[in-house]
1. Given the structure, is residue 116 modelled with pLDDT of 95 or more, farther than 20 Å from residue 32 by Cα and not β-branched (Val, Ile, Thr)?
2. Looking at the range 138-161 only, could you name the residues that are farther than 14 Å from residue 117 by Cα, of a type outside the set (Val, Ile, Thr) and in a loop (DSSP other than H, G, I, E, B)?
3. From the residues in the range 126-147 that are of a type outside the set (Ser, Thr, Tyr) and touching a Gly at 6+ places or on another chain (Cβ under 6 Å), which one is surrounded by the most Cβ atoms within 10 Å (Cβ to Cβ)?
4. What are the residue pairs meeting all of these: first residue in the range 29-50, first residue among the acidic types (Asp, Glu), second residue exposed (fewer than 15 other Cβ atoms within 10 Å of the Cβ) and in a helix (DSSP H, G or I), Cβ atoms under 9 Å, and 6 or more apart or on different chains?
5. Please find, within the range 41-69, the residue that is nearest to residue 98 (Cα to Cα) out of those that are among the aliphatic types (A, V, I, L, M) and either assigned to a helix (DSSP H, G or I) or modelled with pLDDT under 90 (or both).
6. Within the range 89-125, which residues are surrounded by 15 or more Cβ atoms within 10 Å (Cβ to Cβ), among the aliphatic types (A, V, I, L, M) and in a helix (DSSP H, G or I)?
7. Out of everything in the range 154-178 that is surrounded by 11 or more Cβ atoms within 10 Å (Cβ to Cβ) and free of Cβ contacts under 8 Å to residues at least 24 places away in the same chain, what residue ends up being farthest from residue 20 (Cα to Cα)?
8. Output the residues belonging to the range 3-40 that are among the aliphatic types (A, V, I, L, M) and in a strand (DSSP E or B).
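The values are calculated or read from the model by the stated rules, or taken from the named source; none is laboratory data. Quantities reported herein were computed from a predicted structural model and do not represent experimental measurements. Every residue, glycine among them, receives a Cβ derived from its backbone with ideal geometry; neighbour counts consider all protein chains shown.
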Amino acid sequence: MTDRIALFIDGANLHNTVKSLGFEVDFRRLLSEFGKHGRLVRAYFYTVVKDDGEYTSTRPLIDWLDYNGYAVRSKPAREHDDGEGRRRIKRNVGVEIAVDALEIARRIDHAFLFSGDGDLRAVVEAIRRMGVRVTVISSIRTKPPMIADELRRQADVFLELDSLRPLIERPPHPIAPE
């Protein structure tokens, strides 16, 4: 039997984790690699974008993902005061991940969650009760670890992101001759 799988990628969390590990993700290779684990039903990518109309460095990536097999879920960044007069941007996509995971849970056998956010523990617990196996992909090799202990314990399997490096790392850009 071939598993029906879905990927749930917390874009900011993945970016910060691979940056700490010292590599970049090749999203074409990532999709191809996880397609080997079963029938890929959906690959979600979650991101927060500034809604001020200005160009951002993430726009080309978001567009590429959208045209190349990913279901991109973006939401506008929310600014708030941190209580000490500083402006902060809220970048949490946990609710969006939870809604999508609960909606698709009956159509998949295995969920791969690329996030270390402990707030996602409850959704992992909920979809596991629905019979979905959950693999959480993050890192304990970063300083500090990027995975919340409660999320790691809730998953069926924890997969160290750094162990996937040979399979999903983006090749270095060739240096142009002078």
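1. yes
2. 141, 143, 156
3. Per the criteria, the residue is 147.
4. 33/167
5. Step by step, filter the range 41-69, then rank; the result is 48.
6. The answer is 97, 98, 101, 104, 105, 120, 123, 124.
7. Applying the filter and picking the extreme gives 158.
8. Result: 5, 6, 7, 9, 25, 40.
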